[in-house]
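Below you'll find the structure, written out as structure tokens, and then a few comments.
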2 protein chains.
Amino acid sequence: MSANTVLFDFTIDPSRIGDDSLRADAVKLIRSELERIFSDLKFTYDMHTVDGYFVILSENKILITIRFYNQGLITINIEYYLEDAEESKLNFDTSKRLENTLAKKLKVLNGQILPPIKRGNLPRYFPSSDERIIEYDIDKILFEERSEYQKIQIVHSKTLGNMLILDELQNIADVDLIYTETLMQRGIENYKGKEICILGGGDGALLYELLKEEPKYVVMLEIDELVMQACNKYMNSICGDVLEKRKGDNYEIIVGDCMDYMKRFIQQERKFDYVFGDLTDIPISETPTGEIWDFIRSILEHSFKILKPDGKFLTHGNGSSCPESLRMYEDQLKLLKPPVKFTTAKAFVPSFMEEWVFYQVSLA
Amino acid sequence: MSANTVLFDFTIDPSRIGDDSLRADAVKLIRSELERIFSDLKFTYDMHTVDGYFVILSENKILITIRFYNQGLITINIEYYLEDAEESKLNFDTSKRLENTLAKKLKVLNGQILPPIKRGNLPRYFPSSDERIIEYDIDKILFEERSEYQKIQIVHSKTLGNMLILDELQNIADVDLIYTETLMQRGIENYKGKEICILGGGDGALLYELLKEEPKYVVMLEIDELVMQACNKYMNSICGDVLEKRKGDNYEIIVGDCMDYMKRFIQQERKFDYVFGDLTDIPISETPTGEIWDFIRSILEHSFKILKPDGKFLTHGNGSSCPESLRMYEDQLKLLKPPVKFTTAKAFVPSFMEEWVFYQVSLA
């Protein structure tokens, strides 16, 4: 059960909206086409707006709002509640036919109809890195809770398996081994006998994959206990038993603020061969300022203080489609003292439905 | 310039909607949060609906419709026109913050906000095979015309290059070599010295790739002249010069109905080693009936009449996420006389953003 919102839009000669009688013709035409589907359609309300005209038609529980913009655009929004077993009068095929007929009768080339947007039951819509909308084939919520730090959801996708969603952003799915392998540069970096620190990494995937490479010791610093509990229960295909065990001969997970522990490591002069930044993504923002960027800079600075001179800082960047955000991150890298050099690697991450950029940073 | 539609929804205890005073509280709360962004918000209209309550708030050119469903759902739709240079008061970040605050104040866990839906200027939204909505990073329309057969658009995507869109469905993009290679089973099938017939294939990609394999002769039967003209102009990275030349030593393109030509070939007893079905996708329908399925059956029957006994019929199927549609196609294959056997191949097609299934059919 969910509400469906069906969105149509038509680009039209602006004069046909500005002129009262031509616009009335368009309303009549749209209404008569809608009446082929909704036979009992009633005129419910209308108003002139500062930039056009607005009308509401309704039939029983179906509410249709039609907006005419003086710039030459008509938007039609049809919304109604659909019970689970209920068949919609307006499925995507019916909608496409309606769009087609309306486009022809309104004599416009540019008509568009979107697949029905389903609202209210399952989280299905997540943004790409450049904020495009992507609908996932989610059929179940497995876990949903707000921790002290974030909203945690684990959902099931028919094609991607279980997916971890943090604050409404997709994080990692069962099918995303390529994400972890690109982050850790499997086959390129050699972890055998190495000392490694993971900042974040609460889904456990990175730790699980690193342990297969026989490192000397891995310490993982994750702040959110609840993320680990949820992933341990529902994401075992990517994290194995590392979140269940929390500690083994050559690894331990510490629940706490990674910044505090890095400071402690600096005091102790404890050094690592690799530090992984598996925390928040690089934000999309106009300028590299604000709390998140301060955090990113601070993470970088502290990481290099706990790295051996030939150590590496490995992290995920952002989508290839966000070159500005990536450039801002690289600008931050260039400001680091002592100076660093970096390489990048790219991989198409299945559950992101886009290509992602990863960074490998070391002292210059 | 386009209209933006921003959609929020909140799942709430149904009793808080059924009760007039609790619902009034919710309206007040939502309004006061919206007023932090739209300071001059006015109450414009309200009505009781058969399944709840509906209210319109507005500020200047911003129209906000809020619908309360008795089943326990609140949907908020915010729509306004945005000129090209204009900054929206409600970008995705602001929206996310608003959703977050509202979810907390309404004391609901399930709140959702979708990235703003942009309407009216560029075609950006195309459905996956299972009718999920996917927004593409389209920044330009290169070609747009209706032919006798279909609506043809060629658009530019920032990450996928030029894309051919037929009747609002994505067909092929610059980056989709894997599509053509999986369709033709490059590296598995041997085309050297072979006779080949392509049914459809108007984008030219299949013909272009086949010619690299030194076939004896390829005849391509495409009905839509305009598709070929458009692709010849804008899709050269996938079709080379084959649509420009139309004819060479070992190939020709015939503009016409492939069914007519197949009948002619049957009369002439002209036989091929390979026939490619590069026409409409297998439809998504409840049952394998109707005009399109008749067409699919007829194509299959005629194809095997122009194939040599050891010849192969190669075609694209549908998305992996549509098992019912694929099964229906396979059922049709099983009904063919003389009987056939088939294999399948899968590939993730970049511009489809999903995995696609391809068929290789031969006499049993």
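The values are calculated or read from the model by the stated rules, or taken from the named source; none is laboratory data. Just so you know, these numbers come straight off a predicted model, no measurement behind them. Every residue, glycine as well, gets a Cβ built from its backbone with ideal geometry; the counts of neighbours run over all protein chains shown.
Checked against (1) within 7 Å of another protein chain (Cβ to nearest Cβ); (2) surrounded by fewer than 18 Cβ atoms within 10 Å (Cβ to Cβ); (3) within 32 Å of the chain's Cα centre (by Cα), A:K61 meets all criteria but (3). When the residues of region A:125-173 are filtered to those that are under 19 Å from B:R97 (Cα atoms) and of a type in the set (K, R), the one that is modelled with the highest pLDDT is A:R132.
Only one residue in A:E144, A:E79, A:E131 is among the acidic types (D, E), part of a strand (DSSP E or B), facing chain B (nearest Cβ under 7 Å) and in contact (Cβ under 8 Å) with a residue 40 or more places away in the chain. Which one?
From the options A:E144, A:E79, A:E131, the qualifying one is A:E79.
Just to be sure I understand, how many residues within region A:221-245 are under 29 Å from the mean Cα position of the chain (by Cα) and surrounded by fewer than 16 Cβ atoms within 10 Å (Cβ to Cβ)? It would help to see each step written out before you state the result.
Initial filter on region A:221-245 (under 29 Å from the mean Cα position of the chain (by Cα)): A:221-244.
The next check asks that each one be surrounded by fewer than 16 Cβ atoms within 10 Å (Cβ to Cβ); those that pass are A:225, A:233, A:237, A:241, A:244.
Matching residues across region A:221-245 total 5.
Quick one: how many residues across region B:41-52 are in contact with an Asp or Glu (Cβ under 7 Å, 6 or more places away or on another chain) and within 12 Å of chain A (Cβ to nearest Cβ)? Within region B:41-52, residues that are in contact with an Asp or Glu (Cβ under 7 Å, 6 or more places away or on another chain) and within 12 Å of chain A (Cβ to nearest Cβ) number 1. Looking for something at pLDDT 95 or above and more than 10 Å from chain A (Cβ to nearest Cβ) - is there at least one such residue anywhere in region B:103-124? No, there is no match, as no residue in region B:103-124 is at pLDDT 95 or above and more than 10 Å from chain A (Cβ to nearest Cβ). Inside region A:307-364, residues that are in contact (Cβ under 8 Å) with a residue 24 or more places away in the chain, within 24 Å of A:E269 (Cα to Cα) and in a loop (DSSP other than H, G, I, E, B) make up a count of 4. Being within 14 Å of chain A (Cβ to nearest Cβ), among the hydrophobic types (A, V, I, L, M, F, W, C) and surrounded by 20 or more Cβ atoms within 10 Å (Cβ to Cβ) is a condition met by no residue of region B:185-196. Does A:P350 fit the bill of being within 17 Å of B:P350 (Cβ to Cβ) and within 14 Å of chain B (Cβ to nearest Cβ)? Yes, satisfied. If you go through region A:147-160 and keep only what is at the interface with chain B (Cβ under 8 Å from one of its Cβ atoms) and among the polar types (S, T, N, Q), you end up with just A:T159.
Go through region B:82-102 and give me each residue that's at the interface with chain A (Cβ under 9 Å from one of its Cβ atoms), part of a loop (DSSP other than H, G, I, E, B) and charged (D, E, K, R). Of everything in region B:82-102, just one residue is at the interface with chain A (Cβ under 9 Å from one of its Cβ atoms), part of a loop (DSSP other than H, G, I, E, B) and charged (D, E, K, R), namely B:E83.
Here is a yes/no grid of residues against (1) at pLDDT below 95; (2) β-branched (V, I, T):
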position	(1), (2)
B:K263	no, no
B:I266	no, yes
B:D273	no, no
B:T287	yes, yes
B:I292	yes, yes
B:K305	no, no
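In region B:151-261, counting only helices (runs of 4 or more DSSP H) that sit wholly within it, the ones holding 1 or more residues that are in the same structural domain as B:T343 (by TED's automatic domain parsing), under 17 Å from B:L279 (Cβ atoms) and among the charged types (D, E, K, R) span B:225-234.
Look through region A:37-62, keep the residues that are assigned to a loop (DSSP other than H, G, I, E, B) and touching a Phe, Trp or Tyr at 6+ places or on another chain (Cβ under 9 Å), and return whichever of them is farthest from A:I78 (Cα to Cα).
Within region A:37-62, the first condition is being assigned to a loop (DSSP other than H, G, I, E, B), and the residues that meet it are A:37-41, A:50-51, A:60-61.
This time we only want the ones that are touching a Phe, Trp or Tyr at 6+ places or on another chain (Cβ under 9 Å), so: A:51, A:60-61.
On the way: A:D51: 21, A:N60: 13, A:K61: 11 Å.
Checking each candidate, the answer is A:D51.
Results for (1) buried (at least 21 other Cβ atoms within 10 Å of the Cβ); (2) out of contact with any His (no Cβ under 7 Å at 6 or more places or on another chain), shown as yes or no for each residue.
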residue	(1), (2)
B:D137	no, yes
B:L142	no, no
B:I165	yes, yes
B:L207	yes, yes
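Considering each residue of region B:24-36 in turn, none proves to be within 11 Å of chain A (Cβ to nearest Cβ) and either surrounded by fewer than 21 Cβ atoms within 10 Å (Cβ to Cβ) or part of a strand (DSSP E or B) (or both).
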